[in-house]
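Asker: Pasting a structure here, questions to come.
The values are calculated or read from the model by the stated rules, or taken from the named source; none is laboratory data. Keep in mind that this is a model prediction, so the values were computed, not measured. As a convention, Cβ positions derive from the backbone with ideal geometry for all residues, glycine included, and neighbour counts pool all protein chains shown.
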Ligand SMILES: Cc1cc2nc3c(=O)[nH]c(=O)nc-3n(C[C@H](O)[C@H](O)[C@H](O)COP(=O)(O)O)c2cc1C
């Protein structure tokens, strides 16, 4: 039996990211580099690569992003989870969140104002394309103009090994690390050889006939 609930934002799990931004005059207190935690974030296009973040008008970061038309999405690791939460419960109009968390703002290539967070394993440099007012939140649609990746995550063949980053996800108000790898894109139809190569420790089933049973 299913229990029917009132409509709500029950899509889970979702990414949780730290969005860094700054105003045009970063030396002024109200325009200094800032970090806002965002769970309403998503990939929305491949070519050009685009993302969205939905931010309430009341957030200090909303004003900064509108002013400069740029921001950086920083992925969150287990080590960064507490700072991520902190940036989601304190406002940058009252305090310097970089100073409070001990995180470091460094230049994001190709952006003029928004810094990236040095400690993040992956940062996406974003230029604003559009703002859609939805109700409680404004959705910022942006093009990813650059990506920076910690070199420790890149193997000798140039592959980005995100599984080594210990990324965090967010589900129904709680933070989690990712669990075990279950498969890869297309594994349900992959050949035995591909399965052996990509998932050597996993026993392979002969058929996927009962995959959904
Ligand atoms: C896990 C988590 C997710 C959040 N997601 C969003 C979000 O998607 N959009 C939003 O406007 N605020 C979100 N918030 C709230 C803001 O991060 C919070 O109000 C923050 O203090 C705003 O910072 P600012 O005033 O410096 O911009 C989230 C907070 C947490 C803890």
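Asker: Got at least one residue in the range 82-90 being under 24 Å from residue 112 (Cβ atoms) and more than 10 Å from the ligand (Cβ to nearest atom)?
Answerer: no
Asker: Also, quick follow-up: Given 158, 110, 135, which one is at positive phi, touching a strand residue (DSSP E or B) at 6+ places or on another chain (Cβ under 7 Å) and either modelled with pLDDT of 95 or more or crowded, with 17+ Cβ neighbours inside 10 Å (or both)?
Answerer: Answer to the selection: 110.
Asker: I'd like the full set of residues that are within 12 Å of the ligand (Cβ to nearest atom) and farther than 19 Å from residue 76 by Cβ, limited to the range 136-160.
Answerer: 136, 137, 138, 139
Asker: Just checking, how many residues over the range 161-183 are surrounded by 12 or more Cβ atoms within 10 Å (Cβ to Cβ), more than 18 Å from residue 74 (Cα to Cα) and more than 16 Å from the ligand (Cβ to nearest atom)?
Answerer: 2
Asker: Residue under question is residue 68, and the condition is that it be within 21 Å of residue 111 (Cβ to Cβ), surrounded by 19 or more Cβ atoms within 10 Å (Cβ to Cβ) and away from the ligand (no atom under 12 Å from the Cβ); does it hold?
Answerer: Here the answer is yes, as residue 68 does meet what is asked.
Asker: Of the residues that make up the range 37-53, is at least one farther than 26 Å from residue 8 by Cα, surrounded by 21 or more Cβ atoms within 10 Å (Cβ to Cβ) and within 12 Å of the ligand (Cβ to nearest atom)?
Answerer: The answer is no, given that none of the residues of the range 37-53 is farther than 26 Å from residue 8 by Cα, surrounded by 21 or more Cβ atoms within 10 Å (Cβ to Cβ) and within 12 Å of the ligand (Cβ to nearest atom).
Asker: If the requirement is being in the same structural domain as residue 128 (by TED's automatic domain parsing), in contact (Cβ under 8 Å) with a residue 60 or more places away in the chain, away from the ligand (no atom under 14 Å from the Cβ) and surrounded by fewer than 20 Cβ atoms within 10 Å (Cβ to Cβ), which of these qualifies: 79, 96?
Answerer: After applying the criteria, what remains is 79.
Asker: Checking residue 74 against (1) within 12 Å of the ligand (Cβ to nearest atom); (2) in contact with a helix residue (DSSP H, G or I) (Cβ under 9 Å, 6 or more places away or on another chain); (3) closer than 21 Å to residue 95 by Cα; (4) part of a strand (DSSP E or B), only one condition comes out false. Which one?
Answerer: Failed condition: (1).
Asker: Across the range 20-36, what is the number of residues that are over 20 Å from residue 137 (Cα atoms) and within 7 Å of the ligand (Cβ to nearest atom)?
Answerer: 0
Asker: Just one of 153, 141 is closer than 18 Å to residue 116 by Cα and either in the same structural domain as residue 58 (by TED's automatic domain parsing) or surrounded by 15 or more Cβ atoms within 10 Å (Cβ to Cβ) (or both); which is it?
Answerer: On inspection, the qualifying residue turns out to be 153.
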